[in-house]
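A quick write-up on the structure given underneath.
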Amino acid sequence: MRREHVRDLLARVASGALNVDEALGRLAFEPAESLAFATIDHHRALRQGFPEVVFGEGKATDHLLEIATRIAERGEGLLVTRLAPDAASVLATRFPTIELNAVGRTAYLPPVEPIPAGRGNVLLVTAGTSDLPVAEEAAVTAAAFGNCVSQLVDVGVAGIHRLLARRDELIAASVIIVVAGMDGALPSVIGGLVGVPVIAVPTSVGYGASFHGLAALLTMLNSCAAGITVVNIDNGFGAAVAASRINHV
């Protein structure tokens with residue numbers, strides 16, 4: 001239940017349009033719903049503005065479908081990440097209007113009422129095309145959380161002129177998410193060019209000595225550009241949530 005719904009419920013009690021017992025009945029399912037295989041946090045939307053997001057990887061398809069159904073039936077939106085293709089097909093059958101992103105491995109069902117919009121633009125920057133799956137997860141998440149999202153794709157340090165040619169877009173952003181694998185150097189470059197929050201996402205893209213993203217992670221943690229925030233390897237979702245909170249302040 002989102003804060004707007006609780007406020008409306010309280011206003012109706014205050015005006016006499018709804019009695020206290022009826023209001024309590026509507027809140028009876030809060031804060032959690034226990035299933036045999038999951039405990040769904042239905043208070044997440046009240047605390048954070050969006051329902052609990054479902055991590056699809058490793059879940060049985062029938063469990064995933066049941067969890068998604070219980071969340072979606074409240075009309076507050078549904079977001080599933082790390083979604084396998086077979087599970088995506090099942091969700092598409094159950095929810096005909098769900099938006100699937102095969103590259104980002106996400107499924108998004110918009111809420112009945114729009115999420116409050118962020119104050120500015122969240123810009124997603126990728127070092128290479130191979131970083132797109134992580135970037136797409138971040139883009140879908142940021143948009144689901146009520147943000148205007150734009151992207152700069154394949155502008156890594158191997159051809160820095162590609163990035164510098166888009167400097168106006170960097171400066172216009174409110175928050176920048178930088179997704180990079182290999183040497184992970186791009187966040188440092190961008191962090192030195194702009195005065196807005198930069199969130200760095202290392203990816204597991206690269207040859208052997210990249211250690212599945214560990215090299216990029218360490219580079220970003222040791223950046224000489226001040227103020228860069230770093231999330232876990234391939235964690236586009238976490239970066240987008242952090243960016244959304246900054247953009248809604």
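The values are calculated or read from the model by the stated rules, or taken from the named source; none is laboratory data. Predicted, not measured: the structure shown is a model, and the values here were computed from it. As a convention, Cβ positions derive from the backbone with ideal geometry for all residues, glycine included, and neighbour counts pool all protein chains shown.
List of remarks:
- Test: residue in the range 181-190 that is in contact with a Gly (Cβ under 6 Å, 6 or more places away or on another chain), in the same structural domain as G236 (by TED's automatic domain parsing) and touching a residue at least 60 places away in the same chain (Cβ under 8 Å): yes
- Residue in the range 203-226 that is without any contact (Cβ under 8 Å) to a residue 40 or more places away in the chain, part of a strand (DSSP E or B) and touching a helix residue (DSSP H, G or I) at 6+ places or on another chain (Cβ under 9 Å) present: no
- Check on L83, under 22 Å from the mean Cα position of the chain (by Cα), at pLDDT below 95 and crowded, with 16+ Cβ neighbours inside 10 Å: no
- Meets criteria (at pLDDT 95 or above, within 15 Å of L124 (Cα to Cα) and either among the charged types (D, E, K, R) or not in a helix (DSSP H, G or I) (or both)) for I190: no
- Test: residue in the range 161-178 that is acidic (D, E) and closer than 13 Å to L123 by Cα: yes
- Total residues in the range 44-60, condition surrounded by fewer than 15 Cβ atoms within 10 Å (Cβ to Cβ) and either out of contact with any Lys or Arg (no Cβ under 7 Å at 6 or more places or on another chain) or at pLDDT below 75 (or both): 3
- Here I171 passes the criteria (1) surrounded by fewer than 20 Cβ atoms within 10 Å (Cβ to Cβ); (2) touching an Asp or Glu at 6+ places or on another chain (Cβ under 9 Å); (3) β-branched (V, I, T) except the one numbered (2).
- Test: residue in the range 177-187 that is over 30 Å from R47 (Cα atoms) and in a helix (DSSP H, G or I): yes
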